[in-house]
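Values in this text are rule-based calculations from the coordinates and carry no lab data. What you see is a predicted model, and the numbers here were worked out from it, not measured in a lab. Reconstructed Cβ throughout: ideal geometry from the backbone, glycine too, with neighbour counts over all protein chains shown.
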2 protein chains.
Amino acid sequence: MAAWAERLAGVRGVLLDISGVLYDSGAGGGAAIPGSVEAVARLKRSPLKVRFCTNESQKPRAELVGLLQRLGFDISEGEVTAPAPATCQILKERGLRPHLLIHDGVRSEFDHIDTSNPNCVVIADAGEGFSYQNMNKAFQVLMELENPVLISLGKGRYYKETSGLMLDVGAYMKALEYACGVEAEVVGKPSPEFFKSALQAIGVEAHEAIMIGDDIVGDVGGAQRCGMRALQVRTGKYSPRYP
Amino acid sequence: MAAWAERLAGVRGVLLDISGVLYDSGAGGGAAIPGSVEAVARLKRSPLKVRFCTNESQKPRAELVGLLQRLGFDISEGEVTAPAPATCQILKERGLRPHLLIHDGVRSEFDHIDTSNPNCVVIADAGEGFSYQNMNKAFQVLMELENPVLISLGKGRYYKETSGLMLDVGAYMKALEYACGVEAEVVGKPSPEFFKSALQAIGVEAHEAIMIGDDIVGDVGGAQRCGMRALQVRTGKYSPRYP
């Protein structure tokens with residue numbers, strides 16, 4: 001316990017990943033990971049600032065929060081940093097009109113975005129939407145652009161559903177990067193801007209914060225590169241073979 | 001012409017790519033590229049040895065040859081080096097039992113291969129077969145293997161059909177490489193073994209051969225790395241923007 005106290009000295013804020021840490025997604029909405037509802041409740045009763053920091057891009061933020069509330073979590077929409085709203089802000093700032101390769105479930109987040117005559121491609125965890133036809137369309141849009149811009153909501157390799165491991169958006173981002181000879185801009189973990197926006201929301205500096213996640217690259221590595229401490233849980237996609 | 005004569009000095013054999021050089025695939029079997037039927041006929045009347053060297057992996061070799069014959073080409077199955085037969089030989093030599101992520105059209109080439117209890121994944125240009133479900137299955141098979149082996153029939157970025165540019169197997173190979181943290185073994189161009197087997201078939205040394213293709217990486221770069229000369233045609237996927 002002494003070691004823990006030392007490692008956590010000066011921590012004022014906690015960033016919590018959602019998928020694989022609080023719950024595993026899946027049929028019927030998924031399942032809370034044992035102990036996580038209580039852990040969140042306890043953190044919230046403590047003096048620590050808490051922010052949820054997710055790459056979830058299949059569902060609108062409101063729907064994700066509703067689902068977690070039904071599983072018993074103390075969470076509200078305003079406490080969640082998610083890539084879809086951050087992407088919309090970037091699109092507006094840069095005058096980008098996306099071709100969207102995204103899950104139908106999250107399309108409403110982009111309702112107010114001009115998608116006519118696209119000058120970029122936005123890719124998110126589309127799940128079954130990653131058909132050959134949809135991938136080929138995104139590829140063709142990029143190949144026709146003078147300056148191809150590819151924005152990816154996260155770059156995770158895979159995540160865990162209750163039914164097993166599932167390919168994440170990062171694999172498809174790599175496919176388009178290779179086919180088109182471009183490098184994607186990542187909105188979401190492990191992008192430093194994304195972590196910083198989560199920290200700003202709770203008024204905590206990086207050196208005062210700890211990130212808790214199940215992804216050694218997206219959560220732990222990304223947070224550490226921003227000057228945060230980080231902790232990998234042994235739930236979600238964690239595996240002793242693929243730490 | 002003097003320059004050409006010099007460049008071609010000592011050439012005894014010609015390797016010809018098929019898709020984008022002889023014809024563009026597409027609805028109704030595709031279309032011969034103007035002048036190519038005559039060019040092949042003329043090469044065959046010359047003292048040069050001719051070998052067809054393709055990464056085509058959607059159709060069995062016999063079907064591809066039948067299609068080209070109907071388009072007017074002087075070509076027979078025994079003159080074609082293609083990745084599916086080469087892959088079957090490797091699988092047998094190494095006792096590999098593949099999970100096949102391939103086009104239904106080419107499945108018959110693997111009829112005599114044991115696919116029970118897979119210990120590797122073979123990926124080819126599956127076209128519409130590259131659904132999320134099929135990709136996820138291949139991913140899950142690889143993740144469950146102690147020593148994951150991924151064999152890719154070519155690693156092309158894209159090819160041209162009569163209807164436009166189409167994503168090729170290389171993009172999906174990259175997706176699985178990234179998701180699983182493995183490096184694929186490529187059977188087909190630009191693998192040196194593949195070029196060498198095509199040269200052996202016509203008894204020509206690399207320095208006596210020229211490769212003619214539309215892919216600057218798979219055809220031209222690959223052949224040059226093997227000590228061949230190479231020539232890029234301006235048909236197929238060739239584009240002044242993406243040479």
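The mean number of partner chain beta-carbon atoms within 10 angstrom of a residue's beta-carbon across peptide A:131-140 is 5.
On the principal axes of its alpha-carbon atoms, the protein assembly as shown has extents of 87, 50, 38 Å, going from largest to smallest.
Shielding by partners for peptide A:166-177, expressed as the average number of C-beta atoms from other protein chains within 10 Å of each residue's C-beta, is 6. Take B:Gly66, push a point 7 Å out from Cα through the beta-carbon direction, and compare it with the same point in every other copy: 5.4 nm, smallest first. Largest GNM mean-square fluctuation among B:Ser197, B:Ser57, B:Ser116, using chain B with Cα springs under 10 Å: B:Ser116. Under the rule a/c < 1.5 gives rounded, and otherwise a/b versus b/c splits prolate from oblate, where does region B:103-208 land using the Cα gyration tensor? In terms of gyration-tensor shape, prolate. A label point on B:Leu231, set 7 Å along the Cα-to-Cβ line, lies at 6.8 nm from each of its counterparts in the other copies, closest listed first. In the elastic network of chain B, a GNM with C-alpha springs shorter than 10 Å, the most mobile of B:Ala126, B:Ala39, B:Ala184 is B:Ala39. When +1 charges are put on Lys and Arg Cβ atoms and -1 charges on Asp and Glu Cβ atoms, the dipole computed for the protein assembly as shown relative to its Cα centre reaches about 620 debye. Look at the Cα gyration tensor of region B:1-93: its axes a ≥ b ≥ c give a/c of at least 1.5 with a/b at or below b/c, and that counts as oblate. Expressed to the nearest 5 percent, the antiparallel share of DSSP beta bridges inside chain A is 20 percent.
Listed by Cβ neighbour count within 10 Å, with the fewest neighbours leading, A:Ser152, A:Ser191 appear as A:Ser191, A:Ser152.
Which of the GluC sites (Glu not before Pro) across region B:110-166 are loop residues per DSSP, with 16 or fewer other Cβ within 10 Å?
Hits after loop and neighbour filter: B:Glu146.
In plain terms, chain A is cut at each of the trypsin sites (Lys or Arg not before Pro) found in a DSSP loop with at most 15 other Cβ atoms within 10 Å, and the longest leftover piece is A:95-233. Straight-line cross-link partners of A:Lys237 among the lysines, defined as a Cα under 24 Å from its Cα and at least 8 positions apart when in the same chain: A:Lys59, A:Lys155, A:Lys160, A:Lys174, A:Lys189, B:Lys137, B:Lys174. With its label point put 7 Å out from Cα toward Cβ, B:Gln133 sits 1.5 nm from the same residue's point in the other copies, in order from shortest. Counted by neighbouring Cβ atoms within 10 Å, the residues A:Leu176, A:Leu96 run from fewest to most as A:Leu96, A:Leu176. Under a crude label model (7 Å from the Cα following the beta-carbon direction), how far is B:Trp4 from B:Gln69 in nanometres? Placing both labels 7 Å beyond Cα along the Cβ direction yields 3.1 nm. Simple point charges give the picture: +1 on the Cβ of Lys and Arg, -1 on the Cβ of Asp and Glu, and for chain A a dipole about the Cα centre of about 660 debye. Between A:His207, A:His112, A:His103, find the one with the highest GNM mean-square fluctuation for chain A; connect C-alpha pairs within less than 10 Å. It is A:His112.
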